[in-house]
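Here, each number is a calculation from the coordinates, and none is a lab measurement. Only a predicted model underlies this, so the values are computations on that prediction, with no experimental measurement involved. Cβ: placed from backbone, ideal geometry, glycine included. Neighbour counts: every protein chain shown.
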């Protein structure tokens, strides 16, 4: 089991630590609902240093990225980031990721912790163009400072105007007394804020200064459990739950990051799927009655016939009702469609809704 550089800090704060993606990670401190509400209304800080970072550079960097990702990375200028996915060659998804253009011929790929080795091997196997690849995952830490008060609370830590960093943009600058960190507005909570990429040797100083600067704004450390409820309220996909090697980008509602303006892995088959139309689709639903949908629960029709399964589900702290995502046949995918979630022996009625669940 690996540890982030902040293990001792989390333990001193009384965090409940659990194994996650090969790391010992804080799942909660005070409690999921308190931490969730802190991010929605004030500011919270997550240690997400388990995420993977690959540096792709050299004259063939863009060529490799264009080949392995579904989105069009040629649109990126320096200081911009892009959500994308790595299609496999059988119609599914190797992983979802964020691509940052750091310099003219240098890109940072941020991948999911559980897929670091898998993604590295996949991209390396596709690297027939000679792009330079470096795996920085073991050397770098990542803090996500999220919430509507994040910018105001953290402004004293940087000489840069943090409010000027627009969504899916980033700068390389000073923060918390450290030069040359990445300050990025690519949050996973829907409540604003930004992420800090720094070296493992620097992250304790950054964490301490973040907590100090945020004290007057009600800052709290936030665990992975609240991160999950926050992202689910926005309808953001989680790899291993809502997307995997068997789900196509179109089934998952990720057609908007699948651009046929270029050639990429399995693009012909995906374009054919788009043309033919889908048989199933990932939908968002709210329970009409009391209950908590959980991953793996069956989705059934009026007659009790299984038509799909829940990929992510929870009791929404913001909406105080059961919400979830799941794959269903296309005829059940329209907003307003009625489905049922099998929770133990009861089929609880639910309604297909438009994302996001949480409107702010």
* Asked: Using 7 Å Cα-to-Cβ label points, what is the residue 306/residue 163 separation (nm, one decimal)?
  -> 5.3
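For the residues 101, 344, what sequence is obtained by ranking on other C-beta atoms within 10 Å, fewest first? Spell out each step's value before the answer.
Working: 101 23, 344 7.
Lowest to highest Cβ neighbour count: 344, 101.
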* To do: Output the relative contact order of the chain, whole-number percent, from Cα pairs under 8 angstrom with separation of 6+ residues.
  => 18
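Taking 0.36 nm per residue of sequence separation and subtracting the Cα-Cα distance, how much length would be gained by fully extending the chain between residue 351 and residue 275, in nm to one decimal? Don't skip to the end; give the middle numbers.
Values: separation 76, 0.36 × 76 = 27.36 nm, distance 2.79 nm.
Answer, rounded to one decimal: 24.6 nm.
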* Structure fact -> For region 160-318, averaging the sequence separation of alpha carbon pairs under 8 Å that lie six or more residues apart and dividing by its residue count, the contact order in percent is 14
* Structure fact -> Per the helix-only model, the chain has a calculated mean residue ellipticity at 222 nm (DSSP H runs of ≥4, -39500 (n - 2.57) each, divided over all residues, rounded to the nearest 500) of -6000 deg cm²/dmol
* Taking every pair of alpha-carbon atoms in region 52-131, what share in percent sits in each 10 Å bin, from 0 to the bin with the longest distance? -> 20, 59, 21, 0
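Does region 259-360 come out rounded, prolate or oblate by the C-alpha gyration tensor, with a ≥ b ≥ c the root eigenvalues, rounded set by a/c under 1.5 and, if not, prolate when a/b is larger than b/c and oblate if not? Intermediate results must be reported in sequence, preceding the final value.
Details: a/c = 2.52, a/b = 1.73, b/c = 1.46.
It is prolate, given that a/c is not under 1.5 and a/b is the larger ratio.
Can you put 182, 98 in order of Cβ neighbours within 10 angstrom, beginning with the fewest? Before the final figure, lay out each step's value.
On the way: 182 22, 98 19.
In increasing order of surrounding Cβ atoms, one gets 98, 182.
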* **Spatial separation of Cα centroids for region 271-340 and region 126-200, in angstrom** => 34
* **Using a Förster distance of 30 Å, the FRET efficiency for residue 289-residue 359 (Cβ separation, nearest 0.05)** => 0.85
